[in-house]
Amino acid sequence: MSEQLGTLEELPQDYRDAMSKAGVAPLWPMMRNVLPHDAPNPVTRPGHWAFKDLRPLLIRAGELTPVEKAERRVLVLSDPGRGTGAMQATSSIYTGMQLLLPGETAPAHRHTPSAARIIVEGKGGYTVVEGEKLPMEEGDLVLTPGGEWHDHGHDGDEPVIWLDALDLPLFVYLEGSYAEEAELQAQRNRPDSSQVEYLAAGLAPSRKKNAIKKRYPMMRFPWSRTEAALRQLAKYGDDAIAEVDFVNPETGDYVLPTMGFTAMMFASGQSETPPLRSSSAVYHVVKGSGETTIDCTKITWGPKDTFSAHVFSKITHKANEEAFLVRVHDKPLQEKLGYYEERQR
Ligand SMILES: [Fe+2]
């Protein structure tokens, strides 16, 4: 195995000029950049977006820019490794904090990337996906999968803020990202499927022969149930933190093709040192406060904060009080590509 590969500068100028003219380049000076030994060399750096900083900026965006001019009033959480303005928090995950004011709507649209939102603040907001009205309450996970028509509305009287998570960077990379718009959808006059078809774990509507299976049968995961499940697990679990994955109730698969969502509960003072994972992650704090060390970066987080971790980072979490987090990660994508990996520390 060669340790030191030849550089471009070692090659004669006339040869370099001839290569440029022919539209080719030598691989060997660049090979370690794209195929480093043993582990990837990520560009992504740990990010921390404190809600106390973001909230006033969002509220001001509401004053400065009417929603018709913004279409989506969002502040993008940019990966520090790529710099402010980067349309991603990690290599594959985009996150943005969105504001919807009372009475505002977002036009019906659909796009190739999949999206999910975690509701951060406010009452009365809702998303309509393919005619199903999904109320948005704090901590809820609401899905708008790729290709599904969706729009947002707000019946309440206070600002509603949510965190959007999309696999947008992946679709931009694939040159496959685009959206279509349409009129607001007619809403079916019934509660969403989390309140009707999938009210309890382990129960699903009786399967009829030849029935067409919905790819996304449940698109809202109410926080009240997630928290109750975590508390029960914590009560009867071992010393590990309580964690639940959000899954498709018909198949047990991840809820979206490339992004996974895991809710975590820490007891006051509890810590966790997960294995090194090949996946990247964005953590959103639903409640509580604590500290997380990501490689050499220490992040002190509070309620409604968001922070990110790059692939194969050394992570240690410690909660100062009882805390609930939702981890958005790209493990489903990496499993589909056949390379998801965990390494013990
Ligand atoms: Fe959307």
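The values are calculated or read from the model by the stated rules, or taken from the named source; none is laboratory data. Since the model is a prediction, treat every value here as computed from it, not as a measurement. We place every Cβ from the backbone using ideal geometry, glycine too, and count neighbours over all the protein chains shown. The protein model used for the area step is the full one, side chains on, heavy atoms only, and it has no ligands, DNA or RNA in it. Shrake-Rupley method; radii C 1.70, N 1.55, O 1.52, S 1.80 Å.
See the values below:
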read-out: Unmet criterion (only one of (1) crowded, with 19+ Cβ neighbours inside 10 Å; (2) modelled with pLDDT of 95 or more) for H152; value: (2)
read-out: Which listed residue is part of a loop (DSSP other than H, G, I, E, B), of a type in the set (A, V, I, L, M), touching a residue at least 12 places away in the same chain (Cβ under 8 Å) and open to solvent by 40 Å² or more (accessible area, probe 1.4 Å), from V24, V43; value: V43
read-out: Leading residue by the ranking (surrounded by the fewest Cβ atoms within 10 Å (Cβ to Cβ)) among those in the stretch 107-131 that are away from the ligand (no atom under 11 Å from the Cβ) and of a type in the set (G, A, S); value: G131
read-out: All strands (runs of 3 or more DSSP E) inside the stretch 283-345 with 1 or more residues being surrounded by fewer than 22 Cβ atoms within 10 Å (Cβ to Cβ); value: 290-294, 297-301, 315-319, 323-329
read-out: Among the residues listed as L141, L134, L168, L174, the single one being farther than 22 Å from P222 by Cα and within 16 Å of the ligand (Cβ to nearest atom); value: L168
read-out: Residue count, the stretch 207-231 (criterion: more than 20 Å from E137 (Cβ to Cβ) and open to solvent by 90 Å² or more (accessible area, probe 1.4 Å)); value: 8
read-out: Within the stretch 46-81, considering residues that are open to solvent by less than 70 Å² (accessible area, probe 1.4 Å) and over 23 Å from the mean Cα position of the chain (by Cα), the one farthest from T316 (Cα to Cα); value: P66
read-out: Some residue of the stretch 83-98 being within 15 Å of the ligand (Cβ to nearest atom), part of a strand (DSSP E or B) and out of contact with any Leu (no Cβ under 8 Å at 6 or more places or on another chain); value: no
